[in-house]
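Take a look at the structure below.
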Amino acid sequence: MTYRQAKKRIFMHYDSAMPLSTKINAIKNEDRRIEERCSTSEEKRRHREDLKEMLRENAYPEDKIKYTQKKRRGRRTERQDQNERYVYFKFPFVSDRIHHQVRTIFRKNDLPVRVYDNNFTLRNALKKNDAPPAKCNINNCTMKNNLCHTKKCVYELRCEKCQQIYIGSTLRALHIRVREHMEDNKSSVFQHTKQCAGANFSTSVIARARDNTSLRFKEALLIQRKKPRINVKRENDELLSLTFH
């Protein structure tokens, strides 16, 4: 089987929500496969040209495409030896800017730390889930959009009367958390229903995460970005302290 037969013509888009370092490493890995699996110089040249064209189709600038032009040997470098002494810090990827800020903090303090995240892959995004959504078991549930059993998510409650919003997160089934908002008189959502006559809330999921730390960080970032007026200021301040200014 040749390199062309073994590799599908698919590559992540340059504007996708992945760290720039991940995209560059993916280019280097493809170039390394060509170097290792092609037996002649002509084959290597042809496949590298195919790779460059595929990168251009996915909006990669020429200064990133240049990584297809460098031959890499299997020699061990001093940097690779240093990498074995690093510890790895799991941090949810939000943007290249924030990712760079976190790495800079460790670098300036001369700490042997590598920042990483278990990225949600295109394979996971396209994976079909043939199981039908579980039937809601809450009587008179206000949610009508098949999100009842959604877990580990950041959600938005929007008042259809005044268009003000509330942003929160939950590890549990979403409809349980929404019901708590509607029934707890200490909840800012409940208080809004008292102040806004005829308030009726719609629910949407605006982010997901695989663990509580990532979930809270994404919630904080979305609160900072959307500035929901129904949220209590004290809760906002606590979450915003998680983000970088």
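The values are calculated or read from the model by the stated rules, or taken from the named source; none is laboratory data. Values in this document were obtained by computation on a predicted structure and should not be read as measured data. Please note: Cβ atoms are built from the backbone with ideal geometry, for glycine as well, and neighbour counts cover all protein chains shown.
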For this session: Name the single residue, out of those in region 80-102 being surrounded by 14 or more Cβ atoms within 10 Å (Cβ to Cβ) and of a type in the set (A, V, I, L, M, F, W, C), that is modelled with the highest pLDDT.
Result: Val102
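So that you can scan it fast, the table gives a plain yes or no per residue for (1) assigned to a loop (DSSP other than H, G, I, E, B); (2) surrounded by 16 or more Cβ atoms within 10 Å (Cβ to Cβ); (3) outside the structural domain of Arg208 (by TED's automatic domain parsing); (4) at pLDDT 90 or above:
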position: Lys144; (1), (2), (3), (4): yes, no, yes, no
position: Ser169; (1), (2), (3), (4): no, yes, no, yes
position: Arg172; (1), (2), (3), (4): yes, no, no, yes
position: Glu180; (1), (2), (3), (4): no, no, no, yes
Exercise. Is it fair to say Leu215 is at pLDDT below 90 and touching an Asp or Glu at 6+ places or on another chain (Cβ under 9 Å)?
Worked result: no
Seminar exercise, completed: The residue that is modelled with the lowest pLDDT, considering only those in region 53-75 that are in contact with an Asp or Glu (Cβ under 7 Å, 6 or more places away or on another chain) and among the hydroxyl-bearing types (Ser, Thr, Tyr), is Thr68
